[in-house]
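Working notes for the structure below.
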Amino acid sequence: MDASVDRIARPWGSRTPYGRHEPWPTRVDTFLEEGVDQRAVQRWVQAASILHSDGDAMDIAVMDGRMVGVRGRALDRVNHGRLGPKDLFGWQANASADRLTRPLVRRDGRLVECDWDTAMERITGRSRELLDERGPGSIGFYTTGQLYLEEYYTLAVLARAGIGTNHLDGNTRLCTSTAAEALKESFGCDGQPGSYDDIDHADVIALFGHNIAETQPVQWMRILDRLEGADPPRLVCVDPRPTQVARRAAVHLAPRVGTNVALLNALLHEIIRTDRVDHHYIEAHTVGFDELASRVKDCTPDWAAGICDVPAARIGEAAEILGTADRLLSTVLQGVYQSHQATAAAVQINNLHLIRGMLGRPGAGILQMNGQPTAQNTRECGANGDLPGFRNWQNDSHVADLAKVWNVEPETIPHYAPPTHAMQMFRYAEQGSIRMLWISGTNPAVSLPELSRIRSILSQERLFVVVQDLFLTETAQLADVVLPAATWGEKTGTFTNADRTVHLSDKAVDPPGEARPDLDIFLDYAARMDFRDKDGGPLITWRDPQSAFEAWKRCSAGRPCDYTGLTYDRLRGGTGIQWPCNAEAPDGTGRLYTDGIDRAHPDVCESYGKDLVTGATQEVVEYRSLNPDGKAMIKAAGYLPPHEAPDDEYPFQLTTGRTLYHFHTRTKTGRAPQLNAAAPDVWVEAAGSDAAGLGLKEGDLVEVTTPRGAVRGRLRVTDIRPGLLFVPFHYGYWDTKAGHAPDGDTPARAANETTVTDWDPVSKQPLFKTAAAALRRVEHADGNTAPAPTTTASAPNRTDAVPATTGGPSALAAQSADAGRDHRKEGTA
């Protein structure tokens, strides 16, 4: 194994091959700033990744009160010591010179520094005014997928039971709400059925719209190591881009975007036609199979080929692999979630596993993946449009139970309608019914669709905007009050990854200046607002992370996401633990549904379901009549064409997405030198045939236009499917010389200038994948190439004219087969 590796040039590091059913070997990755010797590190402090949903466990190196590096935790079940590029280098953003260190308030049109009392009194004063004049519905909270469990839970309590508003959601609405909704539709409850350990046992791994190589790089390392070992799995990849996954797949399907349901119905058709279904499992554990069989009866590969523009024979090959798998693991992400008919498509993947009986066994599972490190916590804690503990807002007994936990009257908790989703919240703000919007840890002025509209909403004088963040982001520039927050490594708390693994992240260093942990900010607000329970005592009784965690445990007790068997002490020093963890499962739970479906009964389910076409909410009477025994629900869906189709003016389809080296709007990764250098600016990807047809070449400055706006970037010519353009969504404005939102003289860099205000009817997740677009050249390349990485899905189709992406000496990270090291003592605060 290499002693050190350029982890920009070789982002997945060296291979440690292993065979099926064998344990994944350990490989400890370490990166320290120049001049620091590992033996001289004064403290190693336990943490986990905050820049994707893997939950990679790591230790933070501390010297003289500052971070100087990180290393993977060898004992942890998730990563066995490995770290991805964002893990290795992203921590450097914490010490960036432009961190917010004091609160800001808007005076005479400008943001100026002030003290905390001034900022908080302005917020609480406006809150009281609005409650008196307009009621709780005038206040909304929009949070993130990067805070800690303790912070989300506190926010949920103060918003739901303190303010009494129904307007609380997270930017997880943009990345993971379809995952939650699909799990509720099929199993009656949220919670991933599968485990990352299933990678060790599967003989087929199907990745649907999931570029795992770039979004969960450590689990791609795990797959790569299986591919190099004995009895490797076969991969089925559904993705319109030539991802690293596609390049290693036995079958790669690159459908026209917006046609996922048609493709999946054809795969289901073939599996049912060839009778590769588990009739015993279907009879014992599901309802709805006959309707599915009838719905897909005519959805032949030839039929789907005409819609998806994929050869029928390739669809048949994929169905053969999926239908004959001994143990099938499927993963799903934004290529499904952010596309047309998102929930309907995700549910069909669940159906594939239900009709094949591929659940609850090692290697047989589903991972409806998350995109953010703590997206699972927003869902559990009720900060994403659900009630805490996976309680059903339509079930009066669930609401009463939550009210008992909080010691409030049930009517205090808004449950007269579904919790308001983020897209609707911004519409309410646009219309004027929401007059205060508190935005914590997210940057909607870059991440939401149709940005000119979002800027207009946030700029309204009648809307009081609070932004809580690390830097003066594009959104913070538009705020009335800006609160400087502490971040990962500067505070203590827990967070849960995509396969339900709970990690503890300890405070390693102090935050800069007067920045405060988000928990402290929420507790301060609650105290100043003097929120009370029904007996007149404080509504929120905890004062630090550990007591907040204990409060959450009481809320989770007896719920599907039961944390009662976990403590900070148990989570310190060893490995993360998967929930539910309680008296019945003291060591956690690797897989759900090992003994059938147990969360879908009408009395206990989290949701009574929705119509997959209209999104209409079902009532308990209808649910009980269809599923009285609480079995898994096989829900069919017919294909419908996307709402926006190419035409003569806009002949292309446009999809947006991510790159390995950046996270969301680059608030952190854009400030890490190695990551920023690997992908410093926006680019546009087009197929070689499309570029040739327009006379375009690699490096030309081009403009992508949709009915809503335009974005400019250098052209990268790739093997993406013809007719499709790709633009990464990470790039905003403030790191340009202009330093302001686009005007007539400032070309837009943000992909979401072009995306449509539209969302899935069931999950309410915005559609970032199906816009119609035009492409034109602005200027010739003149020796320039696109600033796109060559190591990932953005690799050029001709490598001779494009310099390879490398990191050089500053990107060298150590690798060691460090299986014997015991980090339990040295990896603590």
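The values are calculated or read from the model by the stated rules, or taken from the named source; none is laboratory data. Nothing here was measured: the structure is a model prediction, and the numbers come from that model. Here the Cβ is made from the backbone with ideal geometry for all residues, glycine too, and neighbour counts use every protein chain on show.
Taking the criterion of being surrounded by fewer than 24 Cβ atoms within 10 Å (Cβ to Cβ) and over 19 Å from Trp542 (Cβ atoms), the residues of segment 490-522 that qualify are Glu490, Val509, Asp510, Pro511, Pro512, Gly513, Glu514, Ala515. Return yes when Leu253 is under 24 Å from the mean Cα position of the chain (by Cα) and not polar (S, T, N, Q) and no when it is not. Yes: the conditions hold for Leu253.
A quick yes/no check of all residues on (1) hydroxyl-bearing (Ser, Thr, Tyr); (2) more than 30 Å from Tyr416 (Cβ to Cβ); (3) in a loop (DSSP other than H, G, I, E, B); (4) in contact (Cβ under 8 Å) with a residue 24 or more places away in the chain:
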| position | (1), (2), (3), (4) |
| --- | --- |
| Leu359 | no, yes, yes, yes |
| Leu367 | no, yes, no, yes |
| Asn370 | no, no, yes, yes |
| Gln376 | no, no, no, yes |
| Glu380 | no, no, no, yes |
| Asn384 | no, no, yes, yes |
| Trp393 | no, no, yes, yes |
| His398 | no, no, no, no |
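Put simply, of Gly170, Gly229, Gly164 the only residue that is touching a residue at least 60 places away in the same chain (Cβ under 8 Å), in the same structural domain as Ser547 (by TED's automatic domain parsing) and surrounded by fewer than 24 Cβ atoms within 10 Å (Cβ to Cβ) is Gly164. Contact annotation: no residue pair with Cβ atoms under 7 Å, 6 or more positions apart or on different chains, pairs a residue in segment 175-202 that is free of Cβ contacts under 8 Å to residues at least 12 places away in the same chain with a partner that is of a type in the set (Gly, Ala, Ser) and surrounded by fewer than 24 Cβ atoms within 10 Å (Cβ to Cβ).
Annotation for segment 587-599: at least one member residue is modelled with pLDDT of 95 or more, surrounded by fewer than 14 Cβ atoms within 10 Å (Cβ to Cβ) and within 22 Å of Asp56 (Cα to Cα). Considering every residue within segment 664-673, establish whether at least one is in a loop (DSSP other than H, G, I, E, B), in contact (Cβ under 8 Å) with a residue 40 or more places away in the chain and in contact with a strand residue (DSSP E or B) (Cβ under 7 Å, 6 or more places away or on another chain). Checking segment 664-673: not a single residue is in a loop (DSSP other than H, G, I, E, B), in contact (Cβ under 8 Å) with a residue 40 or more places away in the chain and in contact with a strand residue (DSSP E or B) (Cβ under 7 Å, 6 or more places away or on another chain).
Is it the case, given these coordinates, that Leu292 is more than 23 Å from Trp220 (Cβ to Cβ), of a type in the set (A, V, I, L, M, F, W, C) and either assigned to a helix (DSSP H, G or I) or in contact with a Gly (Cβ under 9 Å, 6 or more places away or on another chain) (or both)? Answer is yes for this residue. Of all residues in segment 300-312, those that are more than 19 Å from Gln653 (Cα to Cα) have Cβ atoms under 6 Å from Cβ atoms of residues that are among the charged types (D, E, K, R) and exposed (fewer than 15 other Cβ atoms within 10 Å of the Cβ), 6 or more apart or on another chain, in Ala312/Asp302.
Within segment 436-481, being among the small types (Gly, Ala, Ser), more than 24 Å from Glu129 (Cα to Cα) and outside any helix (DSSP H, G or I) holds for one residue alone: Gly441.
Here is the figure for segment 471-506: residues that are in contact with a Gly (Cβ under 8 Å, 6 or more places away or on another chain) and either among the hydrophobic types (A, V, I, L, M, F, W, C) or within 28 Å of Val105 (Cα to Cα) (or both) total 8.
The strands (runs of 3 or more DSSP E) found entirely in segment 27-129 that carry 2 or more residues being in contact (Cβ under 8 Å) with a residue 12 or more places away in the chain and either surrounded by fewer than 24 Cβ atoms within 10 Å (Cβ to Cβ) or polar (S, T, N, Q) (or both) are 28-32, 43-48, 57-63, 66-72, 104-107. If the condition is being closer than 20 Å to Ala346 by Cα, buried (at least 24 other Cβ atoms within 10 Å of the Cβ) and β-branched (Val, Ile, Thr), then segment 232-255 contributes Val236, Val238, Val245.
For segment 239-288, filtering for residues that are of a type in the set (A, V, I, L, M), in a loop (DSSP other than H, G, I, E, B) and either out of contact with any helix residue (DSSP H, G or I) (no Cβ under 7 Å at 6 or more places or on another chain) or under 30 Å from Asp719 (Cβ atoms) (or both) leaves 4.
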